[in-house]
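Undergrad: I have a structure I would like to understand better, so I am pasting it below and will then ask my questions one at a time.
The values are calculated or read from the model by the stated rules, or taken from the named source; none is laboratory data. Every value quoted in this text rests on a predicted model; they were computed, and no experiment measured them. Glycine gets a Cβ as well: all are built from the backbone with ideal geometry, and neighbour counts include every protein chain shown.
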Amino acid sequence: MRLPFQTKGVCITALVLLLVAVPGCSSRGARVGRPFQVRWSSMHLVHHWILFASCGSATWCMGIDLGSRYVIYDGRSWSQPRALSRSAGTATLSCASGHFCVREELGKPPAQIETYSNRHWSAPIAVNMDWGPISCGSRALCVVISSDGLASVFDGEAWARPRPLMGLRGPGLPYPAVSCTGSGMCMVVTNGFSGGRFFVYSGTRWTSKGTLRAWPRSANERILLSCESSYFCLAALSDGRFTVYDGSQWSPFRRIGADRSMGFVAGLSCGSDSRCIVMMENDDMLLYDNGVWHRANGPRGGNDHLRPSSLTCVSLRMCLLTGWPVNAAPMGRVSTPGQVWSMYAVGRS
């Protein structure tokens, strides 16, 4: 997931979540439970310029800056920045268990994709398609999707020749989303220009599953997607509407929360089957717990708010959040001059 990059620095947040179910009520078609406060630790410097981060486990994560360096988290601390052998910039990053990651380079087609394994990056592999979102469910299953409807699957050894998703091909397919699970399933959802279609990869082939129910008229909305199993996925439009997949169909779109004051959806990730975290652009946090939404406070450093850029959860107790601080100025938020990586620990108070 990528947002417009407006400042030079980036923050990172590691959260520990202790979710407790509370009675819910009805609000605009979505059940909203009582909000709760979250404790955050103070910030400390790790590295500048990081935008992409992904975790393979609660004790192993990677972050990559806009240029040619990366850092690794071992469950206790972050490594010093390490140089990539070559890079024109990173377009997307996805990591899976076993200290395994895949990154795409920015640039013109064909897409240049590298894998990280055994503490080393592979040489770039050219995949004959434009770059796009990528997701790894394991070191033996990754999928990359292009904006014109092509999909390529990585089986642990090589990338397959890109193929159209069940006949879906052509320009004007912005903002497709993909999410793979450790159980060997991948879901792809396209936006309203293609009617909100979704596809499932399982075994060795893609299957067209139809369209999302009651797709909103604003077809140009960016869509975020996170799947924890073949029986549970959560998708959110950037304007704050969400839908849930139960293994056979998607629910109608509902708006998250009771109002629009939280702004746009900036990050979405599910840490377990039926439980997810949503970060809003003003750094408010929403917890989805078995059909009930709970509003929580997001990270803040002094007078600063955190503008999220990516979010990945590996369990109910561990998530990684990247972003950059912005100052809540009286006339609107402005970028702060000093930007740092930060780490937080969070728990229910």
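Undergrad: Within the stretch 22-30, does at least one residue satisfy the condition of being at pLDDT 65 or above and part of a strand (DSSP E or B)?
TA: Looking for residues that are at pLDDT 65 or above and part of a strand (DSSP E or B), one finds at least one in the stretch 22-30, hence yes.
Undergrad: Right, here's the next one. Look at the stretch 233-256 and say how many of its residues are over 16 Å from Val188 (Cβ atoms), of a type in the set (A, V, I, L, M, F, W, C) and out of contact with any Lys or Arg (no Cβ under 8 Å at 6 or more places or on another chain).
TA: The qualifying residues number 1.
Undergrad: Moving to a separate point now. Do we have any residue at all in the stretch 295-306 that's at pLDDT 75 or above, over 16 Å from the mean Cα position of the chain (by Cα) and either part of a strand (DSSP E or B) or at positive phi (or both)?
TA: There is at least one residue in the stretch 295-306 that is at pLDDT 75 or above, over 16 Å from the mean Cα position of the chain (by Cα) and either part of a strand (DSSP E or B) or at positive phi (or both).
Undergrad: Collect the residues in the stretch 149-162 that are buried (at least 20 other Cβ atoms within 10 Å of the Cβ) and of a type outside the set (Phe, Trp, Tyr), keeping them in residue-number order.
TA: The answer is Gly149, Leu150, Ala151, Ser152, Val153, Pro162.
Undergrad: Go through the stretch 198-242 and give me each residue that's among the β-branched types (Val, Ile, Thr) and over 26 Å from Val153 (Cα atoms).
TA: Across the stretch 198-242, there are no qualifying residues.
Undergrad: May I pose another question? Does Ser309 meet the test of being buried (at least 17 other Cβ atoms within 10 Å of the Cβ), touching a strand residue (DSSP E or B) at 6+ places or on another chain (Cβ under 7 Å) and at pLDDT below 80?
TA: Yes.
Undergrad: Could you list, in sequence order, all residues of the stretch 223-238 that are part of a loop (DSSP other than H, G, I, E, B) and at pLDDT below 90?
TA: Of everything in the stretch 223-238, just one residue is part of a loop (DSSP other than H, G, I, E, B) and at pLDDT below 90, namely Ser238.
Undergrad: Can we say Ser135 is within 16 Å of the chain's Cα centre (by Cα) and surrounded by fewer than 20 Cβ atoms within 10 Å (Cβ to Cβ)?
TA: no
Undergrad: What are the pairs, 6+ residues apart or on separate chains, where a residue within the stretch 200-224 that is under 17 Å from Ile145 (Cα atoms) has its Cβ under 8 Å from a residue that is outside any strand (DSSP E or B) and modelled with pLDDT of 85 or more?
TA: Here the result reads Val200/Ser230; Ser202/Gly184; Ser202/Ser230, each pair linking the stretch 200-224 to a residue that is outside any strand (DSSP E or B) and modelled with pLDDT of 85 or more.
Undergrad: Find the residue count for the stretch 256-292, including only residues that are modelled with pLDDT under 85, more than 19 Å from the chain's Cα centre (by Cα) and surrounded by 16 or more Cβ atoms within 10 Å (Cβ to Cβ).
TA: Total meeting the criteria: 1.
Undergrad: Would you call Ser117 farther than 23 Å from Leu316 by Cβ and at pLDDT below 85?
TA: In short, no.
Undergrad: Give the residues of the stretch 72-96 that are in contact (Cβ under 8 Å) with a residue 24 or more places away in the chain and farther than 23 Å from Trp131 by Cα, sorted by residue number.
TA: Across the stretch 72-96, the qualifying residues are Tyr73, Trp78, Pro81.
Undergrad: Which fully enclosed strands (runs of 3 or more DSSP E) of the stretch 62-170 have 2 or more residues being of a type in the set (A, V, I, L, M) and within 22 Å of Gly323 (Cβ to Cβ)?
TA: Answer list for the stretch 62-170: 69-73, 90-96.
Undergrad: Does Ser41 satisfy the condition of being buried (at least 17 other Cβ atoms within 10 Å of the Cβ) and at pLDDT below 85?
TA: The answer is no for Ser41.
Undergrad: Taking the residues in the stretch 200-222 that are among the hydrophobic types (A, V, I, L, M, F, W, C) and farther than 29 Å from Ala140 by Cβ as candidates, determine which candidate is modelled with the lowest pLDDT.
TA: Checked the stretch 200-222; the qualifying residue modelled with the lowest pLDDT is Ala219.
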